[in-house]
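Reading through the structure tokens given below for one structure.
The values are calculated or read from the model by the stated rules, or taken from the named source; none is laboratory data. This is a predicted model, so every value here is computed, not measured. Positions of Cβ are backbone-derived with ideal geometry, glycine not excepted, and every protein chain shown enters the neighbour counts.
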Amino acid sequence: MITHQTRDVFTPTRPARIAFVEREAVNDKLVNALSTPGKQIVVYGHSGSGKTTLLINKLHQLYEGHLTSRCMKGVKFEQLVLDAFDQLAPYYTSERSKADKRTVAIDLTGSYLAIQSKINSSQAIEQNQKELRILPPQLTPQALGRFVGQANQCWVLEDFHKVDEGERAKLSQLMKVFMDLSDEYPELKIIALGAVDTARQVVDYDPEMRYRVSEVHVDLMTAKEIERIIEKGEQALNVVFPPEIKALIARYSTGLASVCHHICLNMCDVGGVAQTRPEPILMTKENFESAIKVYVEEASDSIRSAFDKALKQHRKTRYDNANLILRALSSFKERGASRVEMHTRICQTEPKYPGTSLKNYLPKLTTSEYGGIVRYDSNSGLYSFSDPIYRAFALAHFRDHEKLGENVERDVNQFLTMLTRELMIHFPKGQGKTVRLEVRTSPMDSSKDH
């Protein structure tokens, strides 16, 4: 039996390898795009849905290697180009023989080293005035494309949606250049990843690129796919998750692979499973309850911060929009609700609440400025909480505020007790394999939605 470390199996903060689950429909589309010369790629979907894991595993299967630039707010496109250029350095230190006996062309190596020298010189001259290196005239989009292509690499831009809109427009132009060079370098391509709802929020490319860019949407995982992650973990670590706990973790995860990995890792930690066990070990209800408590403790500050942002009234209005919207959303199942359904629910307590207010305010709750606690799925047209723990907190928050008043204050221990209790309500009663969920809700809630 191969011994695996638990943190190499359940990986909530990095791409999964051992517990990687093939997703046939998305896999085929991505592999086809990666295998088509000149095809540029935009991969998009909700944060935590498994975009990076899917891409990294496919790149390892199809490419010798790849360059990865991680984007952040405020980064300039020129900085990303320099980052890619820096990552190419190992391929151009000299005439370098690859594993499959191919070599980097000597003339291209000379060009690379000459440009590198100019960049270093510019950095030395400018370092007392500013830290940003400048691009020499020789480092054109065509030159970068040839360097990346000769090294048999592709260039991955993670979280490209964070880059300012003006800078994003430059990527569209570079994609066109890479596409034109594909006849000479078939594997050359740019792959832009974005945790957004549409591909055009990542890159708004020219109309002429319409059929030359593959838009790959990574949807939320199904319950069966989430359970498959757990099954792969069972096989790698020689542990057993009872069917009712598997189903519960899948429901908690609401399609987010990262949440599943997090809960499973916590369960293994509290169960003393640090690596593959010589004898099978059963995960218990107590392991699950302890794992949820750890999950809540780790997230407590970020949860409160997110809700503080969401519930803060940015300007005085007739209705407390955020409060009404989140209260209504928490009354639906984990899968969420459409805007029309939410408006109907709000009107049960506020009959004159205008639909335009909901239409204008609801998208704001999906942004980081408003806590990002809501997500929108364009395929289903449903809004839901972006993390299952947010829904549990909302249920507890609104129920307790009705009982104790709007100005109730809690210390950290009270907060953790409240939220852990709400999460534990979800745990199935009895020993059967059927998972029965019981959620205590406010008077606004309708029993048919639970």
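So, in region 253-312, how many residues would count as being in a loop (DSSP other than H, G, I, E, B) and of a type in the set (Lys, Arg)? Residues in region 253-312 being in a loop (DSSP other than H, G, I, E, B) and of a type in the set (Lys, Arg): 2 in total.
Answer yes or no: is there a residue in region 346-364 that is under 24 Å from Thr222 (Cβ atoms), surrounded by fewer than 18 Cβ atoms within 10 Å (Cβ to Cβ) and modelled with pLDDT under 95.
Of all residues in region 346-364, those under 24 Å from Thr222 (Cβ atoms) come to none.
No.
Look at (1) among the acidic types (Asp, Glu); (2) farther than 28 Å from Ile263 by Cα; (3) touching a strand residue (DSSP E or B) at 6+ places or on another chain (Cβ under 9 Å) and you find that Glu350 fails only one, number (3).
Being out of contact with any strand residue (DSSP E or B) (no Cβ under 9 Å at 6 or more places or on another chain), over 30 Å from Val81 (Cα atoms) and in contact (Cβ under 8 Å) with a residue 12 or more places away in the chain is the requirement here; does Glu187 meet it?
When the stated conditions are applied, Glu187 does not pass them.
Identify all residues within region 368-380 that are within 19 Å of Leu220 (Cβ to Cβ) and exposed (fewer than 13 other Cβ atoms within 10 Å of the Cβ); write none if there are none. Passing the criteria: Ser378, Asn379.
Checking the structure you have, find out if any residue of region 331-340 is over 24 Å from Ser47 (Cβ atoms), out of contact with any Gly (no Cβ under 6 Å at 6 or more places or on another chain), among the polar types (S, T, N, Q) and not in a loop (DSSP other than H, G, I, E, B). No, region 331-340 contains no residue that is over 24 Å from Ser47 (Cβ atoms), out of contact with any Gly (no Cβ under 6 Å at 6 or more places or on another chain), among the polar types (S, T, N, Q) and not in a loop (DSSP other than H, G, I, E, B). If only residues of region 213-241 that are within 22 Å of Glu158 (Cβ to Cβ) and not acidic (Asp, Glu) are counted, the one that is surrounded by the fewest Cβ atoms within 10 Å (Cβ to Cβ) is His217.
Could you list all residues from region 173-231 that are in a helix (DSSP H, G or I) and of a type in the set (Val, Ile, Thr)?
Within region 173-231, the first condition is being in a helix (DSSP H, G or I), and the residues that meet it are 173-183, 199-201, 207-209, 223-231.
The answer is Val177, Ile226, Ile229, Ile230.
Taken over region 196-215, the residue count meeting the criterion of being among the basic types (Lys, Arg), closer than 19 Å to Pro37 by Cβ and without any contact (Cβ under 8 Å) to a residue 40 or more places away in the chain is 1.
Restricting attention to region 341-366, and to residues there that are free of Cβ contacts under 8 Å to residues at least 12 places away in the same chain and within 20 Å of Ser380 (Cβ to Cβ), which single residue is nearest to the chain's Cα centre (by Cα)?
Taking region 341-366 and keeping what is free of Cβ contacts under 8 Å to residues at least 12 places away in the same chain, we get 341, 344, 347, 351-352, 354, 356, 360, 364.
Keeping just the survivors that are within 20 Å of Ser380 (Cβ to Cβ) gives 341, 344.
Values: Glu341: 27, Thr344: 31 Å.
Per the criteria, the residue is Glu341.
Just so you know, in region 18-52 the residues that are of a type in the set (Lys, Arg) and either touching a helix residue (DSSP H, G or I) at 6+ places or on another chain (Cβ under 7 Å) or at pLDDT below 90 (or both) include one that is surrounded by the fewest Cβ atoms within 10 Å (Cβ to Cβ), and it is Lys39.
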